[in-house]
1. Tell me, yes or no, whether segment B:41-59 has at least one residue that is among the small types (G, A, S), at pLDDT below 95 and in contact with a helix residue (DSSP H, G or I) (Cβ under 7 Å, 6 or more places away or on another chain).
2. Find the residue count for segment B:79-91, including only residues that are touching a helix residue (DSSP H, G or I) at 6+ places or on another chain (Cβ under 7 Å) and open to solvent by less than 80 Å² (accessible area, probe 1.4 Å).
3. Of the conditions (1) closer than 23 Å to B:R89 by Cβ; (2) without any contact (Cβ under 8 Å) to a residue 40 or more places away in the chain; (3) assigned to a helix (DSSP H, G or I), A:S7 satisfies every one except a single condition; which number is it?
4. Taking segment A:15-26 only, how many residues are open to solvent by less than 30 Å² (accessible area, probe 1.4 Å) and of a type in the set (G, A, S)?
5. Out of segment A:10-32, which residues are free of Cβ contacts under 8 Å to residues at least 24 places away in the same chain and in contact with a helix residue (DSSP H, G or I) (Cβ under 8 Å, 6 or more places away or on another chain)?
6. Pull up segment B:36-62, narrow it to residues that are free of Cβ contacts under 8 Å to residues at least 24 places away in the same chain and small (G, A, S), then point me to the one that is most open to solvent (accessible area, probe 1.4 Å).
7. Hey, among B:E93, B:E104, which residue is of a type in the set (D, E, K, R) and farther than 23 Å from A:L72 by Cα?
Protein chains: 2
Amino acid sequence: MIPDTLSATFGALADPTRRAILARLSLGEASVTELAEPFAMSLPAVSKHLKVLERAGLISRSREAQWRPCRLAPEPLKDATDWLAEFRRFWDESLDRLAEHLRELQTKGQAT
Amino acid sequence: MIPDTLSATFGALADPTRRAILARLSLGEASVTELAEPFAMSLPAVSKHLKVLERAGLISRSREAQWRPCRLAPEPLKDATDWLAEFRRFWDESLDRLAEHLRELQTKGQAT
């Protein structure tokens, strides 16, 4: 089975280092060396994470500059957000119920 | 390393069957048999997916009824959405740039 793009996106996001790399790239493009700095990690280990992100279309790497900077590619993150948006009403409803419960407690408190 | 909750959530979402199960549960609670129906899948295979979703806190299973209905637990989906929201400005910016490009093309078209 060919993995679908949404599964590739969520799979790539299922790792704290890869999420930290994306957060770093949201501040601007960076080289592999720069990306490796904040992690106690070898360059090959970081490169492996970058390959997963690149395969999922979450980053692109320039072929022009010699240091091949990595850049965030946000489109798959948008698709993932769109998928999750379908469930938004569930936590909105939970918050509504909580607010209603607090109002009831308050009313009871005033009555006694 | 203990897997963090956000990684568990994204990992659980990295599978089309598990996403389809969550979409089905967004319509209301369902038994394992009901959840297995739309997939050409054995009950043990579906149970395995449900265990992944349960471990990630994305579903809860009632202990009261004998058929142990599954129910959507939306909180981890909210946390995943909150994480992705940090990147929203990137695709908003991409859309802004596209709109600007189209406006420029239109202006050029009118000038010639």
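1. As a first pass, look at segment B:41-59 and keep what is among the small types (G, A, S): B:42, B:45, B:47, B:56-57.
Now drop any that are not at pLDDT below 95, which leaves B:42, B:45, B:47.
Narrowing further to those that are in contact with a helix residue (DSSP H, G or I) (Cβ under 7 Å, 6 or more places away or on another chain): B:47.
Yes.
2. So the count comes out to 6.
3. (1)
4. Selection size over segment A:15-26: 1.
5. Here is the first cut: in segment A:10-32, the residues free of Cβ contacts under 8 Å to residues at least 24 places away in the same chain are A:14, A:16, A:19-20, A:23-24, A:27-28.
Result: A:A14, A:P16, A:R19, A:R24.
6. Only one residue fits best here, namely B:A40.
7. Working: B:E93 fails: farther than 23 Å from A:L72 by Cα.
Criteria check complete, one pass: B:E104.
Residues are listed down the side, and each one gets a yes or a no for (1) closer than 20 Å to B:A56 by Cβ; (2) within 13 Å of chain B (Cβ to nearest Cβ); (3) open to solvent by less than 30 Å² (accessible area, probe 1.4 Å):
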residue	(1), (2), (3)
A:T5	no, yes, no
A:A8	yes, yes, no
A:A12	yes, yes, yes
A:G28	no, yes, yes
A:E34	no, no, no
A:L77	yes, yes, yes
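The values are calculated or read from the model by the stated rules, or taken from the named source; none is laboratory data. Because the structure is predicted, anything quoted here is derived from the model rather than measured. We place every Cβ from the backbone using ideal geometry, glycine too, and count neighbours over all the protein chains shown. Accessible surface is based on the protein model in full, side chains and every heavy atom, while ligands, DNA and RNA are left aside. Shrake-Rupley method; radii C 1.70, N 1.55, O 1.52, S 1.80 Å.
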